[in-house]
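Where a number appears in this text, it was derived from the coordinates with a stated rule and is not lab data. What you see is a predicted model, and the numbers here were worked out from it, not measured in a lab. For neighbour counting, all protein chains shown are included, and Cβ atoms are generated from backbone atoms with ideal geometry for every residue, glycine included.
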Amino acid sequence: MSAGPVRNPRRHFSDTFTGAVNISRDDHKSVPFESLLEQDWLIRTDAFDRDLRSIVAQPMEVKYRFDGKTRIWIPDFLRVRKGPVGRQDPPADLVEVKPLISVYSDHPDEEVRERDQAYVAAKFEAIRMQTLALGYEFVLATENEIRIEPSLRNASLMLRCADRAFPKKWERVGELAVVSLPRSSSIRELERALPEGVDGFSVALRLAWKGQIVLDPGENWTRATTFARV
């Protein structure tokens, strides 16, 4: 398996947007993307997948048989996770990020729409079976799995507090303060337990990123938000 992309990012989606996300859980290594939807998948995965080990963009070519032909699929990402302490890591994921319109046809003719969707479903099933045969898991992610609000917004907020520039002093006093609070507390209560001048909201996001407290991703995070200490 290649240690990096097998091709340079190309613009396939209509948003024609490319760039890179620095993955905080992999020593801030840069991972390229070729659409805003892929960018959002990287942000969500980096923020909420605390077992994440690494992500590689377009890591390999996968040959599979479909519709009587041998075809080549290049996954958008390879995602590697850590297993529980003392146990083997789970199989890595080969991830395909697709806009809904490319998976679920919106053709006005119902018969054509059903035919198109059946074709796409059969193609991805062939890809999934070949992925499993190679020892990987197959993940298909669309807007339905990625652009969920407010959790995507929360993910972006969290990652602002996940970089190397975050004050180590704030992190240390936050860790001390959170253990002095009841297991279920609010960010506002955390802030009251911190020294003057330390931003409790930022500290809470840092501790959530580290997995020391749990914030509900489905809630709009504010200073009134409650958390549970792990």
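Descriptive notes on the structure:
- Around Val179: net Lys/Arg minus Asp/Glu count, Cβ-Cβ under 14 Å: +1
- Under DSSP loop assignment and at most 15 Cβ neighbours within 10 Å, longest GluC sites (Glu not before Pro)-free interval of the chain: 62-195
- With the helix formula -39500 (n - 2.57) applied to DSSP H stretches of n ≥ 4, the chain reaches a computed 222 nm mean residue ellipticity of -11000 deg cm²/dmol.
- Placing a label point 7 Å from the Cα of Val173 along the Cα-to-Cβ direction, the residues of the stretch 196-230 with a backbone N closer than 16 Å are 196-207.
- Simple spin-label estimate for Asp216 and Ser156 in nanometres, 7 Å along Cα-Cβ: 2.3 nm
- Correct choice for volume of the Cα convex hull per residue in Å³ that was computed from the model, options (i) 151; (ii) 111; (iii) 171: (i)
- ³J(HN,Hα), Karplus 6.51/-1.76/1.60, whole Hz, each residue of the stretch 43-55, x for Gly, Pro: 4, 4, 5, 4, 6, 9, 8, 6, 8, 5, 9, 6, 9
- Dividing the mean sequence gap of close Cα pairs (under 8 Å, 6+ apart) by how many residues the chain holds gives a relative contact order of 15 percent.
- Rounded to whole Hz, the Karplus (6.51, -1.76, 1.60) HN-Hα couplings of the stretch 116-126, x for glycine and proline: 4, 5, 5, 5, 5, 4, 5, 5, 5, 5, 5
- Contact order relative to length of the stretch 151-229, as percent, for alpha carbon pairs under 8 angstrom and 6 or more apart: 38 percent
- Shape analysis of the stretch 151-229 places it in the oblate category; the axes a ≥ b ≥ c from the Cα gyration tensor give an a/c of at least 1.5, with a/b not above b/c.
- Charge sum, other residues only, whose C-beta stays under 12 Å from Phe166's C-beta, Lys/Arg counted +1 and Asp/Glu -1: +4
- Across the stretch 19-146, C-alpha contacts under 8 Å between residues 6 or more apart give a mean separation that, scaled by the residue count, equals a relative contact order of 21 percent.
- Between Ala126 and Ser102, full extension at 0.36 nm per residue minus the direct alpha carbon distance yields a gain of 7.0 nm.
- Over 19 Å apart at the Cα level, from the set Lys29/Lys168; Lys29/Lys63; Lys98/Lys210; Lys169/Lys210; Lys29/Lys82; Lys82/Lys123, are Lys29/Lys168; Lys29/Lys63; Lys98/Lys210; Lys82/Lys123.
- Residues whose amide H lies under 5 Å from that of Arg53, counting only those 5 or more places away or on a different chain, are Val80, Arg81, Lys82; hydrogens are built 1.01 Å from N in the peptide plane.
- Cut-off under 5 Å, modelled amide H: who pairs with Phe17 long-range: Leu36
- Take the Cα of Arg164, step 7 Å toward its Cβ, do the same at Asp89, and the gap between the two points is 2.2 nm.
- Tensor-based shape of the stretch 19-146 (alpha-carbon gyration tensor, a/c under 1.5 rounded, otherwise prolate or oblate): prolate
- Counting only DSSP beta bridges whose two residues both lie in the stretch 19-146, roughly 80 percent are antiparallel.
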